[in-house]
1. Explain nothing, just compute: Karplus ³J(HN,Hα) = 6.51 cos²θ - 1.76 cosθ + 1.60, θ = phi - 60°, for every residue of region 135-142 in order, whole Hz, x for Gly and Pro.
2. Quick one: which residues, 5 or more positions from A77 or on another chain, have an amide H under 5 Å from its amide H? H modelled 1.01 Å from N in the peptide plane, none for Pro or chain starts.
3. Just to confirm the number: angle between the C-alpha axis of helix 162-172 and the first principal axis of the chain, 0 to 90 degrees, nearest 10?
4. Taking one equal scatterer on every alpha-carbon of the chain, how large is log10 of I(q)/I(0) by Debye at q = 0.09 1/Å?
5. Taking each pair of distinct Cα atoms in region 241-337 once, what is the resulting Kirkwood hydrodynamic radius in Å?
6. Tabulate in residue order the Karplus-calculated ³J(HN,Hα) for region 213-224, using 6.51 cos²θ - 1.76 cosθ + 1.60 with θ = phi - 60°, rounded to whole Hz; enter x for Gly and Pro.
7. To the nearest 0.05, how large is the calculated FRET efficiency for E45 and S97 if R₀ is 25 Å and r is the Cβ-Cβ distance?
8. Considering only protein heavy atoms, what per residue accessible area in square angstrom results for the chain with a 1.4 angstrom probe?
Amino acid sequence: MRVLGIETSCDETGVAVYDSEQGLLGHAVYSQIELHAQYGGVVPELASRDHIRKLIPLIKTVLNESHTQATEINGVAYTAGPGLIGALLVGAAVGKSLAWAWQVPAVGIHHMEGHLLAAMLEQPAPTFPFLALLVSGGHTQLVEVAALGQYTVLGESVDDAAGEAFDKTAKILGLGYPGGPALARLAEQGYADKFNFPRPMTQRPGLDFSFSGLKTCVLTTWQAQTDPTEQTRADIARAFEEAVIDTLAIKCRRALQQTGLKSLVVAGGVGANQRLRQRLLQLTKEIGVAVYYPRPLFCTDNGAMIAYAGALHLAAGHQESLAFSALPRWPLNQLSIT
Ligand code: ATP
Ligand code: MG
Ligand code: FE
């Protein structure tokens, strides 16, 4: 089965073709970062308009690069939510219309399900069941993945997501938008022991997270510096990164112990963080658990994860009416796969 995948939930236009026998045949991501950078954040209306401009040309390019004719596509998967409604509607309308024109089924995919299955595109691929650490711009969740469509959220952030904390902290330190990757680069120049930030919610039981206080801690520490040097800035970045990574690692260990699961899958943009990857590799080695990551490009938003999730759902008999759906809010544990 060959599936066209379309991702337009936020500020990346992602398109891919996945074939269940041959694997990923082609993929491309167009990022709108430059468009939104001058505003310091994503402007929803501009995002929708840019998806309108970029999506169809990108589909054409990816079909060509995949050496795929329209007649060879057996299904279309599009991100149905959660995300920005205007942006979602572009992908949903185009995806559903193409499916209708090509007379193949279409399937609306939950964006976070796409993220949590992304590592299955790699070799070796994880197999169900596994524990997923979803760390993205909008979510921080520990999810027990029993099988396709069977997701139990074991814990999540009660305020800022990990990626959001990276971005906001980067802004405090004057690193522009989106600051996560820039903050990680700056942290490489810093010393871990110059500042010590809290590991929120690790002292009490449970698997929830809270990152907004940590960000405030950085703010007050940064403002308290009378004559900050470039090294001070890097040291604060490093100490912040350490605190986030430590917190995530502590909760992963706890969730693995609690569930007895033997595989950990990391997903979402923060999963691209090299130091987080190293830390979780170390932790899982220590406790005899296998860890899986998507390639960094597939940690952030992309069409490949949507095409892949679509192929699994279509193979499982997922059916949809001609109406298309776009849900700005959509809890992961409310997926219906029939
Ligand atoms: P969601 O998937 O929850 O809707 P999103 O799609 O915006 O949110 P992603 O694209 O998965 O999120 O990830 C983007 C986030 O990842 C941003 O917050 C970004 O700062 C962060 N990020 C990307 N690379 C790194 C890195 N190397 N270190 C830390 N954070 C990073
Ligand atoms: Mg993005
Ligand atoms: Fe995402």
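The values are calculated or read from the model by the stated rules, or taken from the named source; none is laboratory data. On a predicted model such as this, the values are computed, not experimentally measured, just so you know. Reconstructed Cβ throughout: ideal geometry from the backbone, glycine too, with neighbour counts over all protein chains shown. For the accessible areas, the whole protein counts, side chains as well, though only heavy atoms, and no ligand, DNA or RNA atoms are used. Shrake-Rupley method; radii C 1.70, N 1.55, O 1.52, S 1.80 Å.
1. 10, 10, x, x, 9, 9, 9, 9
2. L4, G5, I6, V107
3. Approximately 60 degrees, to the nearest ten.
4. -0.47
5. Working: mean 1/r = 0.0633 Å⁻¹.
Across region 241-337, the inverse of the average 1/r is 15.8 Å.
6. x, 4, 4, 5, 4, 5, 4, 5, 5, 5, 5, 6
7. Details: r = 22 Å, r/R0 = 0.87.
So the FRET efficiency works out to roughly 0.70.
8. Numbers: 14490 Å² over 338 residues.
Result: 43 Å² per residue.
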